[in-house]
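A quick write-up on the structure given underneath.
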Number of protein chains: 4
Amino acid sequence: MRLRILITGGTFDKEYNELTGALFFRNSHVPEMLRLGRCRLDIEIETVTMIDSLDMTAEDRAKVVARCRSSPESSIVITHGTDTMVETARAIAAAGLADKTIVLTGAMIPYAFGSSDGLFNLGSAVSFAQVLPPGVYVAMNGMHFRWDRCRKNRESGHFELSTE
Amino acid sequence: MRLRILITGGTFDKEYNELTGALFFRNSHVPEMLRLGRCRLDIEIETVTMIDSLDMTAEDRAKVVARCRSSPESSIVITHGTDTMVETARAIAAAGLADKTIVLTGAMIPYAFGSSDGLFNLGSAVSFAQVLPPGVYVAMNGMHFRWDRCRKNRESGHFELSTE
Amino acid sequence: MRLRILITGGTFDKEYNELTGALFFRNSHVPEMLRLGRCRLDIEIETVTMIDSLDMTAEDRAKVVARCRSSPESSIVITHGTDTMVETARAIAAAGLADKTIVLTGAMIPYAFGSSDGLFNLGSAVSFAQVLPPGVYVAMNGMHFRWDRCRKNRESGHFELSTE
Amino acid sequence: MRLRILITGGTFDKEYNELTGALFFRNSHVPEMLRLGRCRLDIEIETVTMIDSLDMTAEDRAKVVARCRSSPESSIVITHGTDTMVETARAIAAAGLADKTIVLTGAMIPYAFGSSDGLFNLGSAVSFAQVLPPGVYVAMNGMHFRWDRCRKNRESGHFELSTE
């Protein structure tokens, strides 16, 4: 099975600039993470943006949607900042890509910082993307949610079922 | 959804004894790994054995099968050494637990050694266990295999489809 | 030999707040680092401030000087942000504590972020503090400098001999 | 100041063979550790042997002594297994290299395993080697010992003063 990973940035890929003390983006850690996980799936990796999800504009989201649409693979994982992950999921769902399984995931701690949840989440997301029926999902905390049934709890940092 | 994790040992849980220089087992790292992954599933963890899978006897396998049978949860993940993972999977399959989804996983590098594939595999296994139909599976390398369709390639260390 | 470690904060002890994405200070990692290094020295640890060295005021520096003066131990290590480390060293030297060996050290990457130089620098600083003659020193990059003979090169992040 | 590091193997440099589950030696981690520590000393690195110190023969020790003698640098650090570190120190001391400061160090946990004391010890050893008077020393646990005044306590794994 062939899978596509779209990279958008987010905490997942943040690094520490030792000269300025600020966090920034350079290259994605996803290829290194897949190597560490000895992942043997046939995966195409594509970087769409490399930004904090709070900085993501409608235009950026349109780009993500376009890449989902043009992807020849029907299983897609998107790495994304957690703050606006659900918003991007909504934009993708609105595009009506009825034959694709699209799973958004992220991390609470940058992978480069050692004690990250990123590797667990990536293992989870690529697995859900292979077996869930077509639809747009969020995979966080070992769970999967339909995009319109979840929200990030900003006090705890966890994703949970939304009752709206 | 409630999930059960049965721990049997394997590379996953090996540690380095700094006084003797030998590898050994102490407590499982699975609870710490679930915390690191910010896993929010309702999980019951049970240690069945704490051994190298090359040392696993028919009796040990019978114990694993018994725990699968008695588990009230129908989604089960088993952490296991990779060398005889398929053999244990076969023993479980032979028990005919038709209503349960059982996923075996492991690691090539001990979790305690820092650059392990264990966290990726655990994220993958708990995800597959939630969504695959009943059956006995191996989840390694980001993939899932039916127990009777895979083998460990001992040259590469990867799991692959078997054609037998 | 008895040694005192004065903690002031700095990059050494920064952590990542996973809810806000900001860096902050909580407890010092120095005790954990000494455990990891299996350090067997008789060490008294004292937290003076827990701040970024760019935020350090003359009052904070006076506090550090006072703790150096009142320390019964004549070998003192100070963990400090690198940006104003030399400035604090100057303030201590001005106090004329002629019988004490005082070594300032820090890190370019937070210890909590995994790939830090902090552990190397701490091993270096406690060693220099035991054997250098009384005076005020900076220990960074495996080297030691008299406080009035070094500066931080802000382009490279390294400490180097100053020719002023 | 120019320094030479002689590498002999030991726990410091052990790695985990993921196909066999055994520990083995490949290349030394010392260069990577010096980079991580942002070490700026002028250091010449030389691999003498790559073995467990329990396997070190009189011939291996003679090789180490010869490299100490031929070293143009008068400050030398030797990475070495802890089990026979003192024995090698004795052989070097017997060679009577009166103008050189030679510091042996090691680790209780392999550097590759993540939670190693190796980086702390390396920072300590290169510091002691720069400032101690000529002689043969062991640097472990943040301390330094004259070669004829210490022993490894095999129960605790610590180095301590010997009273013989």
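Is it the case that the stretch A:93-108 has a residue that's touching a Leu at 6+ places or on another chain (Cβ under 9 Å), over 25 Å from B:MET140 (Cβ atoms), of a type outside the set (D, E, K, R) and within 14 Å of chain C (Cβ to nearest Cβ)? Within the stretch A:93-108 (the criterion being touching a Leu at 6+ places or on another chain (Cβ under 9 Å), over 25 Å from B:MET140 (Cβ atoms), of a type outside the set (D, E, K, R) and within 14 Å of chain C (Cβ to nearest Cβ)), the answer is yes, since at least one residue qualifies. When you look at A:GLU18, is it open to solvent by less than 20 Å² (accessible area, probe 1.4 Å), assigned to a loop (DSSP other than H, G, I, E, B) and farther than 21 Å from A:GLY142 by Cα, yes or no? Answer is no for this residue.
Residue by residue through the stretch A:141-164, note down the ones that are within 11 Å of chain B (Cβ to nearest Cβ) and either in contact (Cβ under 8 Å) with a residue 60 or more places away in the chain or more than 16 Å from A:ILE92 (Cβ to Cβ) (or both). Residues satisfying the conditions are A:ASN141, A:GLY142, A:MET143, A:ASN153, A:SER156, A:GLY157, A:HIS158, A:PHE159, A:GLU160, A:LEU161. You will find that of A:ASP117, A:ASP148, the residue that is closer than 27 Å to B:HIS29 by Cβ and among the charged types (D, E, K, R) is A:ASP117 and no other. Residue selection: A:GLU160 fails the criterion of being at pLDDT below 95 and either in contact with a Leu (Cβ under 7 Å, 6 or more places away or on another chain) or open to solvent by 20 Å² or more (accessible area, probe 1.4 Å) (or both). May I ask you to verify whether A:LEU23 is in contact with an Asp or Glu (Cβ under 8 Å, 6 or more places away or on another chain) and either within 14 Å of chain B (Cβ to nearest Cβ) or surrounded by fewer than 17 Cβ atoms within 10 Å (Cβ to Cβ) (or both)? Here the answer is no, as A:LEU23 does not meet what is asked. If you check A:MET33, A:MET50 for being surrounded by 13 or more Cβ atoms within 10 Å (Cβ to Cβ), under 14 Å from A:PHE113 (Cα atoms) and either under 13 Å from the mean Cα position of the chain (by Cα) or within 14 Å of chain B (Cβ to nearest Cβ) (or both), only one passes: A:MET33.
Looking at the structure I just gave you, is C:THR8 buried (at least 24 other Cβ atoms within 10 Å of the Cβ), closer than 29 Å to A:THR11 by Cβ and polar (S, T, N, Q)? When the stated conditions are applied, C:THR8 passes them.
The set of residues in the stretch D:98-107 that are of a type outside the set (Lys, Arg) and surrounded by fewer than 23 Cβ atoms within 10 Å (Cβ to Cβ) comprises D:ALA98, D:ASP99, D:THR101. Return a yes/no flag: does the stretch B:90-97 have any residue that is open to solvent by less than 10 Å² (accessible area, probe 1.4 Å), free of Cβ contacts under 8 Å to residues at least 60 places away in the same chain and in a loop (DSSP other than H, G, I, E, B). Looking for residues that are open to solvent by less than 10 Å² (accessible area, probe 1.4 Å), free of Cβ contacts under 8 Å to residues at least 60 places away in the same chain and in a loop (DSSP other than H, G, I, E, B), one finds none in the stretch B:90-97, hence no.
Of all residues in the stretch B:114-150, those that are open to solvent by 10 Å² or more (accessible area, probe 1.4 Å), assigned to a helix (DSSP H, G or I) and not aliphatic (A, V, I, L, M) total 4. Test D:ILE78 against the criterion of being part of a strand (DSSP E or B), at pLDDT 95 or above and open to solvent by 20 Å² or more (accessible area, probe 1.4 Å), and give yes or no. Against the criterion (part of a strand (DSSP E or B), at pLDDT 95 or above and open to solvent by 20 Å² or more (accessible area, probe 1.4 Å)), D:ILE78 does not qualify.
Looking across the stretch B:118-140, just one residue is touching a strand residue (DSSP E or B) at 6+ places or on another chain (Cβ under 8 Å), farther than 22 Å from B:ALA91 by Cβ and more than 7 Å from chain A (Cβ to nearest Cβ), and that is B:GLN130.
The values are calculated or read from the model by the stated rules, or taken from the named source; none is laboratory data. In this text, all values refer to a predicted model and were calculated from it rather than measured experimentally. Virtual Cβ from ideal backbone geometry, glycine too; neighbours counted across all protein chains shown. Just so you know, the surface numbers come from the protein's heavy atoms only, side chains and all, with ligands and any DNA or RNA stripped out. Shrake-Rupley method; radii C 1.70, N 1.55, O 1.52, S 1.80 Å.
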